[in-house]
Amino acid sequence: MAELLKGKEVAAAVNQHSLTKIEELKKHGIQPLAATLRVGEKSEDISYEKGVIKRCRELGVEVRQVVLPADVEKDTFYRVLDELNSDDQVHGILLFRPLPKQLDNELARQSIDPEKDIDGCTDASLAGIFTNSESGFAPCTAQAVMEILDYYGIEISGKNVTVLGRSLVIGKPVSMLMLNRNATVTICHTKTENTREKARQADILICTTGKMEFVTAAYVREGQTVIDVGIAWNEDKQKLCGDCLFEEVEPVVSKITPVPGGVGAVTNAVMVSHVVEAAWRKYRKANLSADPQQ
């Protein structure tokens with residue numbers, strides 16, 4: 001039976017670190033503030049927004065909700081986004097996408113100030129991962145994977161890591177985060193040959209295919225750590241499932257994240273930590289002689 005790498009404990013640790021920084025920021029008169037920008041009334045956006053707001057306020061991060069009508073004109077949308085970018089009180093911006101058809105998703109994400117890009121969606125944030133620098137932030141799910149591995153003391157340096165999937169949201173950025181930590185990384189995708197063999201060779205297997213229960217026992221071996229990033233509703237089983245066929249994979253491997261209760265449980269905590277870190281970076285930039293608590 002594999003050890004379950006539960007996200008709840010990891011999220012609590014991330015939150016505690018954020019709380020420590022928030023307390024120190026408030027000593028300097030700084031109130032971390034995140035702005036959410038939602039266009040329209042899509043139920044999935046509203047649900048996600050509620051979760052983010054709840055987590056922020058629990059930790060003492062203020063939230064400014066900005067809601068625009070679904071038929072908002074382009075000029076109005078970008079004026080509002082520019083105002084958030086230029087507002088010194090706003091440390092982080094979360095834009096809910098995809099946007100209505102009259103708005104260009106690509107242009108919109110690139111219009112976010114990278115210093116406030118708490119979702120890690122701009123090219124500047126992605127470039128920061130490649131250069132291993134403080135330019136923007138890593139996508140929250142990719143960073144959540146790293147937080148889980150670190151919390152459970154799973155060695156990354158020198159290990160073979162296989163990533164199943166190459167999306168900009170998780171596959172590519174998590175691969176670079178692993179490489180920055182001195183892992184040897186293999187990225188598999190739809191054109192990869194012998195994917196099962198490459199997956200079985202990994203010490204750490206990151207499953208981000210977007211295909212429910214795609215990863216079976218044929219993809220894994222004893223001693224592996226498996227991070228399942230996927231989540232989807234299984235109509236037949238009437239429950240949430242991940243990329244892994246859990247009942248086949250779990251008995252074989254050494255460690256695995258459950259779905260639900262794994263990576264997803266950490267993602268919101270990471271997003272809040274990005275708001276706090278954005279406030280810290282701004283504080284350090286304005287006070288170069290200060291030595292803020294890390």
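The values are calculated or read from the model by the stated rules, or taken from the named source; none is laboratory data. Everything numeric here is computed off the predicted structure, so don't read it as measured data. Virtual Cβ from ideal backbone geometry, glycine too; neighbours counted across all protein chains shown. We work out accessible area using only protein heavy atoms, side chains counted, and drop any ligands, DNA or RNA first. Shrake-Rupley method; radii C 1.70, N 1.55, O 1.52, S 1.80 Å.
Roughly how tilted is helix 43-59, in degrees to the nearest 10 and between 0 and 90, from the longest Cα axis of the chain?
Taking Cα atoms only, the helix is inclined about 80 degrees.
Given a 1.4 angstrom probe, I'd like the percentage of the accessible area of region 244-292 that is carbon and sulfur, rounded to a whole number. Walk me through the numbers on the way to the answer.
Values: 1050 of 1920 Å².
Roughly 54 percent of what the probe reaches on region 244-292 is carbon or sulfur.
Per DSSP H run of n ≥ 4, the term is -39500 (n - 2.57); total these for the chain, divide by its residue number, and report the mean residue ellipticity at 222 nm rounded to 500 deg cm²/dmol. Numbers along the way, then the final one.
Numbers: 10 runs with 121 residues, N = 294.
That comes out to -13000 deg cm²/dmol.
Out of the DSSP beta bridges found with both residues in the chain, what percent are antiparallel (nearest 5)? Each step should come with its number before you reach the end.
Numbers: 3 of 33 bridges.
DSSP beta bridges in the chain are roughly 10 percent antiparallel.
Quick check for you: with a 1.4 Å probe and neighbouring chains kept, what is the accessible area per residue of the chain, in Å²?
On the way: 14130 Å² over 294 residues.
Here the residues of the chain average 48 Å² of exposed surface.
Looking at region 50-118, which trypsin sites (Lys or Arg not before Pro) are in a loop (DSSP not H, G, I, E or B) and have at most 16 other Cβ atoms within 10 Å? Walk me through the numbers before you get to the answer.
Details: sites: K50, K54, R55, R57, R64, K74, R79, K101, R109, K116; in loops: K101.
Loop-located and lightly packed - K101.
At a threshold of 8 angstrom on Cα-Cα distance, excluding pairs fewer than six apart, so keeping six or more, what relative contact order does the chain reach in percent? Walk me through the intermediate numbers first.
Working: 562 pairs, mean separation 66.1, N = 294.
Result for the chain is 22 percent.
Starting from the amide H of R64, placed 1.01 Å from N in the peptide plane, find each other amide H under 5 Å away whose residue is 5 or more places distant or on another chain.
The list, which skips near neighbours in sequence, is A34, A35, T36.
Two decimals is fine: what's Rg over Rh for region 35-86, C-alpha atoms, Kirkwood radius as Rh?
On the way: Rg = 12.1 Å, Rh = 11.9 Å.
With Rg and the Kirkwood Rh in hand, the quotient comes to 1.01.
Relative to the present Cα-Cα distance, how much length would full extension add between K54 and D88 at 0.36 nm per residue of separation? Don't skip to the end; give the middle numbers.
Values: separation 34, 0.36 × 34 = 12.24 nm, distance 2.29 nm.
Extra length available between K54 and D88 comes to 9.9 nm.
Can you tell me, using C-alpha contacts under 8 Å and at least 6 residues apart, the relative contact order of region 187-281 as a whole percent?
On the way: 145 pairs, mean separation 23.6, N = 95.
It comes to 25 percent, rounded to a whole number.
Under 23 Å Cα-Cα from K191, which lysines qualify once same-chain neighbours fewer than 8 residues away are excluded?
Cross-link targets: K172, K211.
Against the longest principal axis of the chain, how steep is helix 7-27, in degrees 0 to 90 to the nearest 10, with axes from Cα atoms?
Between helix and principal axis, roughly 20 degrees.
Modelled label-to-label distance, E248 and E106, 7 Å Cα→beta-carbon offset: nm?
3.8
In Å, the Kirkwood hydrodynamic radius of region 1-46 over pairs of distinct alpha carbons? Walk me through the numbers on the way to the answer.
Details: mean 1/r = 0.0710 Å⁻¹.
Here the Kirkwood hydrodynamic radius works out to 14.1 Å.
To the nearest 10 square angstrom, what accessible area does T131 show with a 1.4 Å probe?
The value for T131 is about 90 Å².
Applying the Karplus parametrisation 6.51 cos²θ - 1.76 cosθ + 1.60 with θ = phi - 60° to the phi angles of region 64-80, what ³J(HN,Hα) value in whole Hz is obtained for each residue in order, glycine and proline being reported as x?
Calculated HN-Hα couplings, in order: 10, 8, 10, 10, 10, x, 4, 9, 4, 6, 4, 4, 5, 4, 6, 5, 5 Hz.
In whole Å, how far is the Cα centre of region 249-282 from that of region 99-172?
Spelled out, the Cα-based centre of one part sits 13 Å from the other.
Aspartates and glutamates within cross-link reach of K285: Cα-Cα under 20 Å, excluding same-chain residues under 8 positions apart?
Reachable aspartates and glutamates: E23, E24, D87, D88, D113, E115, D117, E134, E277.
What nm value, rounded to one decimal, do you get for the distance between I46 and E235 when each label is placed 7 Å out toward the C-beta?
Those two pseudo-labels are separated by 2.5 nm.
Could you tell me how many degrees, from 0 to 90 and to the nearest 10, lie between the Cα long axis of helix 171-180 and the main elongation axis, the longest principal axis, of the Cα atoms of the chain?
Tilt of helix 171-180: around 90 degrees.
Would you kindly derive the ³J(HN,Hα) couplings of region 131-143 from the backbone phi angles with the Karplus curve 6.51 cos²θ - 1.76 cosθ + 1.60 (θ = phi - 60°), listing them in order in whole Hz, with x for Gly and Pro?
9, 6, 10, 8, 10, x, 9, 5, x, 4, 5, 4, 5
At 1.4 Å probe size, with the rest of the protein present, what percent of the exposed accessible area of region 144-209 is carbon and sulfur atoms?
Carbon with sulfur: 43 percent of the solvent-accessible area.
Does region 160-277 come out rounded, prolate or oblate, given a ≥ b ≥ c as the square roots of the eigenvalues of its C-alpha gyration tensor, rounded meaning a/c under 1.5 and, failing that, prolate meaning a/b above b/c? Please report the intermediate quantities before stating the final value.
Details: a/c = 1.59, a/b = 1.08, b/c = 1.48.
Because a/c hits 1.5 or more and a/b fails to exceed b/c, region 160-277 counts as oblate.
Could you compute Rg(Cα) / (2.2 N^0.38 Å) for region 128-179, with N its residue count? Before the final figure, lay out each step's value.
Numbers: Rg = 10.8 Å, N = 52, 2.2 N^0.38 = 9.9 Å.
After normalising by residue count via 2.2 N^0.38 Å, the value is 1.09.
If each Cα of region 94-191 is one equal point scatterer, what is log10 of I(q)/I(0) from the Debye formula at q = 0.11, 0.13, 0.15 Å⁻¹?
The calculated log intensity ratios at q = 0.11, 0.13, 0.15 Å⁻¹ are -0.36, -0.49, -0.63.
Let a ≥ b ≥ c be the square roots of the eigenvalues of the Cα gyration tensor of region 1-96; is it rounded (a/c under 1.5), or, if not, prolate (a/b larger than b/c) or oblate?
Working: a/c = 3.17, a/b = 1.38, b/c = 2.30.
Oblate is the answer for region 1-96, as a/c is 1.5 or above yet b/c matches or exceeds a/b.
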